[in-house]
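Have a look at the structure below, then the notes.
The values are calculated or read from the model by the stated rules, or taken from the named source; none is laboratory data. None of these values were measured; they are calculated from a predicted model. Here the Cβ positions follow ideal geometry from the backbone for every residue, glycine too, while neighbour counts run over all protein chains shown.
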Amino acid sequence: MTEYKNLLVEKQDAVLIVRINRERALNAINKETIAELQQLFSYHWSDDSVRCVILTGAGEKAFVAGADIPEIGELDVRSGTEFSARGLYLMKTIQNFPKPVIAAINGFALGGGCEIAMACDIRLASEKAKLGQPEVNLGIIPGYGGTQRLSRLVGRGKAMQMILTGEIIPATEAHRIGLVDEIYPPDQLMTKAIEMAKLICSKAPLAIAAAKECINRGLDTQLTSGCDLEKANFGMICGTGDKNEGIEAFQEKRAAKFTGH
């Protein structure tokens, strides 16, 4: 497995666990970490041995506490646009990754950290986690998709409130407004994340990928177009061996053995 400077990577069966590892900086994300995450997701894009990814932060204090402030301080119009483009490309990669990505938010998820979490498919949080987009406190705005994904997750009004005030909210409030999907005691977060990931891994990989694509692309189009996309994917899945295995297993009252074909 590839070694990274700022990432700790391990595998449990078909689950890839990725820890952003800049603990002294509260896992703040810098240009190098962006590049390593991009490399990791690109490398495993077609890796059939990986069926689900868990993304979390090293240590107990932070998922990702934001971007690297000194890097931001050096930005001008041109380099600022490039900085945003690199982050947006990574968020798009995570969102479109053909296997589900679970964010296990173990602490602060601020700025770019909140944006990374929002690009993931499922967000699980520790009861001690805190989330927010406080960029206005630095005289800037979110640059990795925060203005777009937050409003889609929690609604226009709440997104406006959070981004324009820069407020940081606790996990309980994030759960209430739909920014995170589940919250757990800190010592149970990774256990629960791994349990969910392994449950997903037990399902048909092609069906999981198709469902993820339909949900993501459908949100960016009209209902009719989204249903057309679902129809096409449903038809494609009906031609797979995994569909035959799933039906046979159900009829024979046994666990299905999906192969991704």
Problem - Subset of the stretch 116-141 [under 17 Å from residue 68 (Cβ atoms), aliphatic (A, V, I, L, M) and not in a loop (DSSP other than H, G, I, E, B)] - result: 116, 138
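Is it the case, given these coordinates, that residue 212 is over 26 Å from residue 149 (Cβ atoms) and either assigned by TED's automatic domain parsing to the domain that holds residue 118 or among the basic types (Lys, Arg) (or both)? Can you show your working first?
Working: over 26 Å from residue 149 (Cβ atoms): no; either assigned by TED's automatic domain parsing to the domain that holds residue 118 or among the basic types (Lys, Arg) (or both): yes.
For residue 212, the condition - over 26 Å from residue 149 (Cβ atoms) and either assigned by TED's automatic domain parsing to the domain that holds residue 118 or among the basic types (Lys, Arg) (or both) - is not met.
For the stretch 221-232, check the following and say yes or no: at least one residue is over 14 Å from residue 202 (Cα atoms) and either touching a His at 6+ places or on another chain (Cβ under 9 Å) or aromatic (Phe, Trp, Tyr) (or both).
Within the stretch 221-232, not a single residue is over 14 Å from residue 202 (Cα atoms) and either touching a His at 6+ places or on another chain (Cβ under 9 Å) or aromatic (Phe, Trp, Tyr) (or both).
Results for (1) without any contact (Cβ under 8 Å) to a residue 60 or more places away in the chain; (2) in contact with a Cys (Cβ under 7 Å, 6 or more places away or on another chain); (3) farther than 18 Å from residue 29 by Cβ, shown as yes or no for each residue.
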| site | (1), (2), (3) |
| --- | --- |
| 73 | yes, no, no |
| 87 | yes, no, no |
| 98 | no, no, yes |
| 110 | yes, no, no |
| 133 | yes, yes, no |
| 144 | no, no, no |
| 151 | yes, no, yes |
| 167 | yes, no, yes |
Problem - Meets criteria (in contact (Cβ under 8 Å) with a residue 24 or more places away in the chain and acidic (Asp, Glu)) for residue 173 - result: no
Problem - Every residue from the stretch 136-192 that is of a type in the set (Ser, Thr, Tyr) and buried (at least 19 other Cβ atoms within 10 Å of the Cβ) - result: 144
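Restricting to helices (runs of 4 or more DSSP H) lying wholly in the stretch 3-115: which have 2 or more residues that are crowded, with 20+ Cβ neighbours inside 10 Å? Steps first, please.
On the way: elements: 31-43, 69-73, 77-96.
Per the criteria, 31-43, 77-96.
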